[in-house]
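Nothing in this text is a laboratory measurement; each read-out follows from the coordinates by a stated rule. Note that the structure is predicted; figures quoted are calculated from it, not measured. Reconstructed Cβ throughout: ideal geometry from the backbone, glycine too, with neighbour counts over all protein chains shown.
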Amino acid sequence: MLKLEDVVEMCRVPHGKKFRLKDHDPSWAGDGDVSKAKRKKTAEEILAKSVAELAEAQERLYAADTWSVLVVLQAMDAAGKDGAIKHVMSGINPQGCQVFSFKQPSKEELDHNYLWRYWKAMPERGRIGIFNRSYYEEVLVVRVHPELAQAERIPDSKINAAFWTDRYEDLNNMERHLTRNGTRVIKFFLNVSRKEQRKRFLDRLNDPSRHWKFSPSDISERGHWDDYMKAYEEAIAATSTKWAPWHVVPADHKWVARAIIAHTIAAAVDDLNPQYPEVTPEQRKAIKAARAQLEAEDD
């Protein structure tokens, strides 16, 4: 069976090389000569191990209070973003993690530049921030529905090829700025197939307890599938950089996606090598005195 490190490398989109979304199989589930049951069990073991490693690394990240981590999750509807957050971040101390989900911009947000609302939500030092959909919506849903760009009232703007090229440049520059100033950016596209999305939509519609998750826009946006795939392909190709690479994660099997995401985040946080703050001589003296005082107390 392939090592998970090799699978993660397969998912990572190299900077400056030709990228085609069709080269990434959404239904990939590991080596064909290993049973699905064994592959699933292995993935679940990796998930559990990575969750524990992430919890430990996140404690050090929070204590060190130097780096922050931004996790970007992008996908079509029903690809499993919510489930990935729930399972991957299950061991994290809530004090050190924050999740933002960006909906249709408000009037106030439209009165600012299109990145303003995302800047406000960036994780502070010591924290892991998760964007459940992100600033990449500005070159995805806005690309598929260019009338949304008109609502931003950008002076003298023309919604043409140069407009999108400029936006890719904006996003690359923003992520470069973040990494230069202490925020590690980790980006995932959960690559679900159209067939699997249909199955998950039907499962949702046939389960009354999940009807609250359904929106008519789910179906209408599904009608733009090819446009979205083209938008994703171009955006990923233009913005997978050395400092903030994209990972195209096969998402037809949730257990595969969750294992890959957990392992990648845990490894990235550990790679920052956050350390617990060193105790000063004065603090050691105070600790020694406090210990002596407590030990001298009567029960």
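The figures follow:
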item: Extended-chain gain in nm, criterion 0.36 nm per residue less alpha-carbon gap, residue 159 and residue 116; result: 13.5 nm
item: Among 209, 91, 114 the positive-end extreme of the charge dipole of region 4-296 (Cβ point charges); result: 209
item: Size of charge dipole - the chain - debye, nearest 20, with Cβ of Lys, Arg +1 and Asp, Glu -1, no other charges; result: 720
item: Zero-based 5 Å bins, Cα pair distances in region 232-299, whole percents; result: 3, 12, 11, 12, 12, 8, 6, 6, 7, 8, 7, 5, 2, 1, 0
item: GNM top mover of 185, 34, 249 - the chain, alpha-carbon springs below 10 Å; result: 34
item: Mean-position separation - Cα centroids, region 70-137 and region 235-262, in angstrom; result: 16
item: Residue-averaged [θ]222 nm for the chain, counting only DSSP H segments that reach four residues, each worth -39500 (n - 2.57); result: -15500 deg cm²/dmol
item: For the chain, with +1 on Lys and Arg beta carbons and -1 on Asp and Glu, the positive-most of 287, 163, 145 along the dipole; result: 145
item: Cα lying deepest toward the dipole's positive end in the chain, options 72, 191, 154, charges on Cβ; result: 191
item: Among 165-172, 251-258, the order from most to least packed when residues are scored by Cβ within 10 Å on average; result: 251-258, 165-172
item: Among 280-291, 44-55, the order from most to least packed when residues are scored by Cβ within 10 Å on average; result: 44-55, 280-291
item: Sequence-separation-based contact order of the chain, relative, with Cα cut under 8 Å and 6+ spacing, percent; result: 36
item: Listed pairs 22/158; 17/242; 22/199; 22/103; 49/120 exceeding 22 Å between Cα atoms; result: 22/158; 22/103; 49/120
item: Taking the C-alpha atoms of the chain, convex hull volume expressed per residue in Å³; result: 201
item: Förster-model FRET efficiency, 45 Å R0, residue 36 and residue 279, C-beta, rounded to 0.05; result: 0.35
